[in-house]
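Take a look at the structure set out below.
The values are calculated or read from the model by the stated rules, or taken from the named source; none is laboratory data. No experiment lies behind these values; they were computed from the predicted model shown. All Cβ positions, even for glycine, are placed from backbone atoms using ideal geometry, and neighbour counts span all protein chains on display. These area figures cover heavy atoms from the full protein model, side chains too; ligands, DNA and RNA do not enter into them. Shrake-Rupley method; radii C 1.70, N 1.55, O 1.52, S 1.80 Å.
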Amino acid sequence: MEIFFLIVLLVLMAGALASGFPVAFSLPGSAILTLLLAAGCGYVFAGDATAYFHSGSAPEWLAAGTINFRGVYWEVERDTLIAIPLFVFMGIMLQRSKIAEDLLLTMAQLFGPIPGGLGISVVFVGALLAATTGILGATVVAMGLISLPAMLRNKYSPPLATGTIAASGTLGQIIPPSIVLIILADQLSSATDQAGTARKALHKASTGELSMPSEFAVSSTSAGEMFLGAMVPGLVLVLLYMAFILVIGIIRPKMAPSVPFGQKMDLKMAGRIVLILVPPLALIFAVLGSIIAGIATVNQAGAIGAVGATIMAGYRLQEGKRLAMLPAYLAIGSLIAIFLISSNYDINIRAIETDEDRTAVMLAAIAVSIFILSVAWSLIRTFRIDDTLKGVMIDTAKTTSLVFIILLGAAMLTAAFRAFGGEELVREFLTSLPGGFWMQFIIVMAVIFFLGFFLDFIEIAVVVVPIVAPILLMDPSANITAVWLGVMIGLNVQTSFLTPPFGFALFYLRGVAPKEVRTIDIYKGVVPFITLQLIALVIVGNMPALVNYLPNRISLTSETAPPPVNPRLQYCMEQYVAGQFAENGDTIRAAVASARGLPVDLLPKKLGKELSDGFDNAEVSFELMTGISTSAAAVEAAAVAYRPLHILVRGLERDARKMDSKIKDLSTTLSRLKSTNPDSPRIPELEAQIAQIMGERDDLLAKIPEEWAETNETFAKLTKAEVTARNTYRRNSDKAFEPVEEIVTILVAVEELDGLSEDLTALRDDVATGDPEALEQRIKTLRSAMKNAEAGKDTLKGLSDARKAFRKDPDRAKAAEALDRAVAGLAADLAWRREAKEKLLPGLESYRTAVGGTIGLRKQRVLPSEQALYVASCSADHRDISLNF
């Protein structure tokens, strides 16, 4: 009966949507009606209102849906979703101010003379508008009104012309900033949590270990990473479109003829082209560049885009009039001033200490005021001219409300879907498919593609993605990243705007196309572009680095990059070090041998021994890395025969766990029924059902081959040997480099420590007469400075004892004695440090440079540039980790 009500839920939803009922009411309405119907039928026919639910009851699932409503409502405050109205505002402002129209006309003139040039210009402008707006309807309508008549007038084939405009208008759904990517990032963030929990449970069930190594964790994503990941695939799609039109223009020139440039190219024309092209490109750079550089979050970048679009609209609407460009010039000048001031001065108001600081803050305040003035001036213009601002605000409110209302309705629908076991049915169906992850992935992509014929991208993203994404992300055999999955779904969802009969881009274009363009021409025109989108999907699917590399690179080279000891980086770092050992091993060994000749005896005995042991560990590193390679090769060789058996047994165990889950659910229902209605006729049925499933489970486990236990144990020993070899190398490399870093830090700080010796002497002289509270504070401050300057233990201990002597009952004699010890300790420290700095430090720094990028890589603060780029490339491909489960 659960399946029956699940079908009822889907039929109600599909029927409501097909009848034209608003999506915002179709989704939650169908969910509420189905939940109430199931509860009523259960009460009437089975005597139990919960009888036809997979688990729980109607009130519980209605409450869950309500909680989801509230959760989504409050999530509006998150960066991911608050960016939506900002980017929508930016896009609509650029459309209404006719900046998009200027771009289309100018690019058509530039590209026209080449074969298919007019079509290529439409694609180029579509990509630019995508990177500045991401609003599908407005883009398609604008390009349809401006470009379609020109293309038809110049003898372009109607199907090619309409297909080019419709496809180019949808580029905003995959080229960032994109609402699709923002919503997908939001949905995938929660899906990642579910997938991570499921993968940990799988690891525990498979290996018996309580904790899973963090390097096997599911990687999450954010809107910023989605933007970065979608950049290259978006460009691939643009290039495919352009190449297709160019080939058509060359092979079939009658379908896409060249158009002569109608005006003379002089300085005036060049200046106009620059003025039209540069501001949108600058806005793209400001929005996406701020995200890439880590300067702004996604919602902050959205604010940048909204303000930039307003300033651009301010001068465009006033074009040709006096002072039209003045607000833009003021904004640019003030931003340059702010940049110069902040680069040369600390403009923190709380940190003002000198007149120079005061002047810098005042200048910055003046520059900010001028920028605010320019924005306000532009807003007034957009408000007064053609009521532009009001129209933009209304359209932004409508679009944003549509997105959030659908999100709210989808929360209730998802709760109902889970109430009838829909999520588990989908999981069981996908995991039972032959072919593993890739068969599951292909089926999901095919379903999303099919749904694109009927549903909007928002409905697909908020209804389908939460159900299928955790299943795909959890699978360790593919070990895909969330950003790759999001971009793949985004590329697939993009086809929903083009696929007949309900593609929204087709409706928009049909509404503005002249009567001589038939609807069948539009449908014919989009077919090759849908094919190109599917080709792009295949390319990105087979080359995950196109998506993963850029987010990895930005992450690993940013100021907030993870430290090299991060477990997720170790595999690729060791690949890099192994390559360096093979290529430059002799040079690194020579550096280690040369370091052994350094005058280590200048150091205190303990430090000298640690440094000598570090050199010993550095020499051992080569042997340990060979051990990693040997053990990894042994695992790889054994995996050939082990993998088929592993897949078979883990599949049987997975099916057995599903049966265990069913038995648990049925046992819970049976126990509850016995306590509430012991005479219910369902009790014998449930007992028989439980016994039957238990028998099937035992039969299933009996199919596990006898050799599995021994084979698994043998393979586990090999993998454990590899893990041990890697951990041994990591500990050894840390011990090899830590003493070097410690001693270099100490010796570099000699001058700073020497400068504090006078403060220590003065403090000692003032002990007899100074104010106890003031002396205690001075000792505290000096000790902190000494610690930062790597002072020795005797010096720090003396200062601590002196401070204690001034607490409660001041004991000046005791404090003086402690400070004497501190002075003596400092003098001894400075004596050996000065000599070691002169004779030992240069050699240590050379050694550190020679081995810091290999043996000492884990102890760096962040990965150096070369290593970061290697790790970014290495980790951009998906690595199968299923044999560890």
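Considering region 414-448, the residues that are open to solvent by less than 10 Å² (accessible area, probe 1.4 Å) and more than 26 Å from Gln533 (Cβ to Cβ) include one that is farthest from the chain's Cα centre (by Cα), namely Phe420.
For region 848-885, the set of residues classified as open to solvent by less than 50 Å² (accessible area, probe 1.4 Å), assigned to a helix (DSSP H, G or I) and more than 21 Å from Gly579 (Cβ to Cβ) consists of Ser882, Leu883, listed by residue number. Just one of the numbered conditions (1) of a type outside the set (Ser, Thr, Tyr); (2) buried (at least 16 other Cβ atoms within 10 Å of the Cβ); (3) at pLDDT 85 or above is not true of Leu775: (3).
Quick one: in region 653-664, of everything that is open to solvent by 50 Å² or more (accessible area, probe 1.4 Å) and more than 18 Å from Thr50 (Cα to Cα), which residue is farthest from the chain's Cα centre (by Cα)?
Within region 653-664, the subset open to solvent by 50 Å² or more (accessible area, probe 1.4 Å) is 654, 657, 660, 662, 664.
Add one more test, that the residue is more than 18 Å from Thr50 (Cα to Cα), and what stays is 654, 657, 660.
Details: Arg654: 31, Arg657: 33, Asp660: 36 Å.
Filtering region 653-664 for residues that are open to solvent by 50 Å² or more (accessible area, probe 1.4 Å) and more than 18 Å from Thr50 (Cα to Cα), the one farthest from the chain's Cα centre (by Cα) comes out as Asp660.
In the list Ala195, Ala191, Ala185, Ala205, which residue meets the criterion of being open to solvent by less than 20 Å² (accessible area, probe 1.4 Å) and within 20 Å of Asn884 (Cβ to Cβ)? Only one candidate passes the filter, namely Ala195. Met255 falls short on exactly one of the conditions (1) among the aliphatic types (A, V, I, L, M); (2) more than 30 Å from the chain's Cα centre (by Cα); (3) over 17 Å from Ala108 (Cα atoms), and that condition is (3). Please work out which residue is farthest from the chain's Cα centre (by Cα), limiting yourself to region 805-831 and to residues that are loosely packed, with under 15 Cβ neighbours inside 10 Å and assigned to a helix (DSSP H, G or I). Filtering region 805-831 for residues that are loosely packed, with under 15 Cβ neighbours inside 10 Å and assigned to a helix (DSSP H, G or I), the one farthest from the chain's Cα centre (by Cα) comes out as Ala813.
Would you please name the residue that is surrounded by the fewest Cβ atoms within 10 Å (Cβ to Cβ), looking only at residues in region 496-528 that are of a type in the set (Val, Ile, Thr) and in contact (Cβ under 8 Å) with a residue 60 or more places away in the chain? So that I can check it myself, show each step before the final result.
Narrowing region 496-528 to residues of a type in the set (Val, Ile, Thr): 499, 512, 517, 519-520, 522, 526-527.
Narrowing further to those that are in contact (Cβ under 8 Å) with a residue 60 or more places away in the chain: 512, 517, 522, 526-527.
Working: Val512: 17, Val517: 20, Ile522: 25, Val526: 27, Val527: 14.
Only one residue fits best here, namely Val527.
Residue pairs whose Cβ atoms lie under 9 Å apart, separated by 6 or more positions or on different chains, with the first residue in region 396-409 and closer than 17 Å to Pro466 by Cα and the second outside any helix (DSSP H, G or I) and open to solvent by less than 50 Å² (accessible area, probe 1.4 Å), are Ile406/Asp456.
Inspect region 642-652 for any residue being open to solvent by 60 Å² or more (accessible area, probe 1.4 Å), farther than 30 Å from Leu830 by Cα and of a type in the set (Lys, Arg) and give the result as yes or no. Looking for residues that are open to solvent by 60 Å² or more (accessible area, probe 1.4 Å), farther than 30 Å from Leu830 by Cα and of a type in the set (Lys, Arg), one finds at least one in region 642-652, hence yes.
Run Ala791 past the list (1) closer than 13 Å to Leu760 by Cα; (2) modelled with pLDDT of 85 or more; (3) crowded, with 16+ Cβ neighbours inside 10 Å and report the number of the one that doesn't hold. Single failed check for Ala791: (2).
Conditions (1) within 34 Å of the chain's Cα centre (by Cα); (2) surrounded by fewer than 19 Cβ atoms within 10 Å (Cβ to Cβ), marked per residue:
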site: Asn566; (1), (2): yes, yes
site: Tyr571; (1), (2): yes, yes
site: Gln575; (1), (2): yes, yes
site: Gln580; (1), (2): yes, no
site: Asn584; (1), (2): no, yes
site: Arg589; (1), (2): no, yes
site: Gly597; (1), (2): no, yes
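Filter region 42-58 down to residues that are open to solvent by 30 Å² or more (accessible area, probe 1.4 Å) and within 17 Å of Leu9 (Cα to Cα) and give me whichever is modelled with the lowest pLDDT. Ranking the qualifying residues of region 42-58, first place goes to Ser55. Out of everything in region 228-258 that is in a loop (DSSP other than H, G, I, E, B) and either open to solvent by 30 Å² or more (accessible area, probe 1.4 Å) or of a type outside the set (Gly, Ala, Ser) (or both), what residue ends up being modelled with the lowest pLDDT? Once the filter is applied, the top-ranked residue is Ser258.
Conditions tested, residue by residue: (1) of a type in the set (Val, Ile, Thr); (2) buried (at least 17 other Cβ atoms within 10 Å of the Cβ); (3) closer than 30 Å to Pro644 by Cα.
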{"position": "Lys717", "(1), (2), (3)": "no, no, yes"}
{"position": "Thr728", "(1), (2), (3)": "yes, no, no"}
{"position": "Ser733", "(1), (2), (3)": "no, yes, no"}
{"position": "Asp771", "(1), (2), (3)": "no, no, no"}
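The condition (being without any contact (Cβ under 8 Å) to a residue 40 or more places away in the chain, more than 22 Å from Gly486 (Cα to Cα) and outside any helix (DSSP H, G or I)) is satisfied by just one residue among Met212, Met151: Met212. Within region 301-325, being charged (D, E, K, R) and assigned to a helix (DSSP H, G or I) holds for one residue alone: Arg316. Note on region 356-395: residues that are open to solvent by 60 Å² or more (accessible area, probe 1.4 Å) and hydroxyl-bearing (Ser, Thr, Tyr) amount to 2. What's the total number of residues in region 728-773 that are more than 30 Å from Ile855 (Cβ to Cβ) and part of a helix (DSSP H, G or I)? Matching residues across region 728-773 total 14.
Does any residue of region 382-391 turn out to be of a type outside the set (Gly, Ala, Ser) and within 34 Å of the chain's Cα centre (by Cα)?
Within region 382-391, the first condition is being of a type outside the set (Gly, Ala, Ser), and the residues that meet it are 382-390.
From what's left, within 34 Å of the chain's Cα centre (by Cα): 389.
Checking region 382-391: at least one residue is of a type outside the set (Gly, Ala, Ser) and within 34 Å of the chain's Cα centre (by Cα).
Step by step: first the residues of region 294-310, then only those that are open to solvent by 20 Å² or more (accessible area, probe 1.4 Å) and of a type in the set (Val, Ile, Thr), then the one that is nearest to Asp387 (Cα to Cα). Which residue is that? Here the answer is Val307. Candidates are the residues of region 701-748 that are more than 34 Å from the chain's Cα centre (by Cα) and hydroxyl-bearing (Ser, Thr, Tyr); the one that is nearest to Lys609 (Cα to Cα) is Thr745. Taking the conditions (1) open to solvent by 40 Å² or more (accessible area, probe 1.4 Å); (2) closer than 30 Å to Val464 by Cα in turn, Thr221 satisfies each one other than (1). Entry remark, region 665-679: residues being in a helix (DSSP H, G or I) and surrounded by 12 or more Cβ atoms within 10 Å (Cβ to Cβ) number 8 in total. The set of residues from region 176-185 being part of a loop (DSSP other than H, G, I, E, B) and modelled with pLDDT of 85 or more is empty. Here Val444 does not qualify as of a type in the set (A, V, I, L, M, F, W, C), at pLDDT 80 or above and more than 27 Å from Ala223 (Cα to Cα).
Which of the residues belonging to region 610-661 are among the basic types (Lys, Arg) and at pLDDT 90 or above? Break it down stepwise before answering.
Within region 610-661, the first condition is being among the basic types (Lys, Arg), and the residues that meet it are 643, 650, 654, 657-658.
Scanning region 610-661 gives a single hit, Arg643.
If the condition is being out of contact with any Lys or Arg (no Cβ under 8 Å at 6 or more places or on another chain) and open to solvent by 20 Å² or more (accessible area, probe 1.4 Å), then region 613-633 contributes Asp616, Val620, Glu623, Leu624, Thr626, Gly627, Ser629, Thr630, Ala632, Ala633.
Identify, from the list Thr499, Thr495, the residue that is in contact with a helix residue (DSSP H, G or I) (Cβ under 8 Å, 6 or more places away or on another chain), in a helix (DSSP H, G or I), over 14 Å from Leu181 (Cβ atoms) and of a type in the set (Ser, Thr, Tyr).
Details: Thr499 fails: in a helix (DSSP H, G or I).
Selected residue: Thr495, the only one of Thr499, Thr495 that is in contact with a helix residue (DSSP H, G or I) (Cβ under 8 Å, 6 or more places away or on another chain), in a helix (DSSP H, G or I), over 14 Å from Leu181 (Cβ atoms) and of a type in the set (Ser, Thr, Tyr).
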